[in-house]
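The values are calculated or read from the model by the stated rules, or taken from the named source; none is laboratory data. Here the structure is a predicted model, which means the values were calculated and not measured. Every residue, glycine among them, receives a Cβ derived from its backbone with ideal geometry; neighbour counts consider all protein chains shown.
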Amino acid sequence: MSVCLLMILLSHAVGKGTMPFIVTQWPTVAEVMAGEDVILKCNIVELYSPCSTVVWLRLIPENATISLTDRVQIDLHHSSTKWTNICTAVITSSTVQDSGMYYCATVRGRFAHFGNGSRVIVKEHTVFPFIEILSPLIQSSHLVPLQCVVTRVESSQVHMFWVIEGRKEKAQSMWIHRHDGAIPLTRSQILLTAEEWEREVRCDCMVEFAGQRYIKTLQRHDTSNLCHAVKYIYISLCFIFGLLLVIIVAAYKQS
């Protein structure tokens with residue numbers, strides 16, 4: 001039935017006997033984020049037709065054609081079969097590919113009727129990594145550990161390295177912390193010599209994510225911030241705890 005209806009719609013759309021435009025739809029523009037539902041409404045009250053006669057067409061700009069789409073479904077819960085009601089349709093769990101122009105259409109007798117069109121814009125969620133460089137408040141040895149911590153993005157999608165005074169340095173360790181429902185956290189650590197620390201060499205943490213490179217430069221004055229020190233201690237303790245847990249599990253398996 002849908003294919004036949006489409007053929008009728010297309011034939012009447014180009015014919016000279018098409019009725020004046022009496023079907024209206026809204027919103028004119030529906031803008032949502034990916035994953036959200038898109039709600040479209042079509043007013044066919046003047047046609048005295050039920051919502052079951054309505055189909056939704058999508059304009060394909062690449063070849064300037066209109067075709068039926070199964071991405072828009074009539075919501076029967078909110079659309080009565082009575083001819084006095086407005087028809088509600090939904091695109092569930094929208095994706096960026098669902099963006100485009102949609103038309104409500106129906107046929108009554110020999111005539112096809114089209115809506116004024118609704119432009120659907122589905123935006124992709126933009127995620128940026130949050131980067132912090134943590135350093136100890138007090139230098140207690142000839143080596144000074146620096147930690148670069150990245151949150152808000154998945155660890156598997158992150159590549160990290162250090163640039164010290166213009167030279168690329170590979171981090172000594174990488175630790176990934178992830179629990180169900182928790183914010184992903186990726187940690188990279190490097191050791192500076194006491195001499196480099198005293199000279200206040202430039203230290204950049206480089207993070208590559210989604211084809212973009214982000215740079216976080218160590219700000220020495222941040223070391224006077226108590227909150228900064230607490231974060232450093234917390235990350236360090238978590239790292240130590242993780243190592244101890246691995247050792248305990250290994251010892252248990254050997255016993």
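A quick yes/no check of all residues on (1) in the same structural domain as Arg220 (by TED's automatic domain parsing); (2) in contact (Cβ under 8 Å) with a residue 12 or more places away in the chain; (3) hydrophobic (A, V, I, L, M, F, W, C):
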position: Phe111; (1), (2), (3): no, yes, yes
position: Gly117; (1), (2), (3): no, yes, no
position: Leu137; (1), (2), (3): yes, yes, yes
position: Ser140; (1), (2), (3): yes, no, no
position: Pro145; (1), (2), (3): yes, yes, no
Kindly list the number of the only condition in (1) surrounded by fewer than 16 Cβ atoms within 10 Å (Cβ to Cβ); (2) at pLDDT 90 or above that fails for Leu146.
(1)
Within the range 124-142, can you find the residues that are surrounded by fewer than 16 Cβ atoms within 10 Å (Cβ to Cβ) and at pLDDT 90 or above?
Phe130
Quick one: in the range 157-174, of everything that is in a strand (DSSP E or B) and farther than 12 Å from Leu192 by Cα, which residue is modelled with the lowest pLDDT?
Ser173
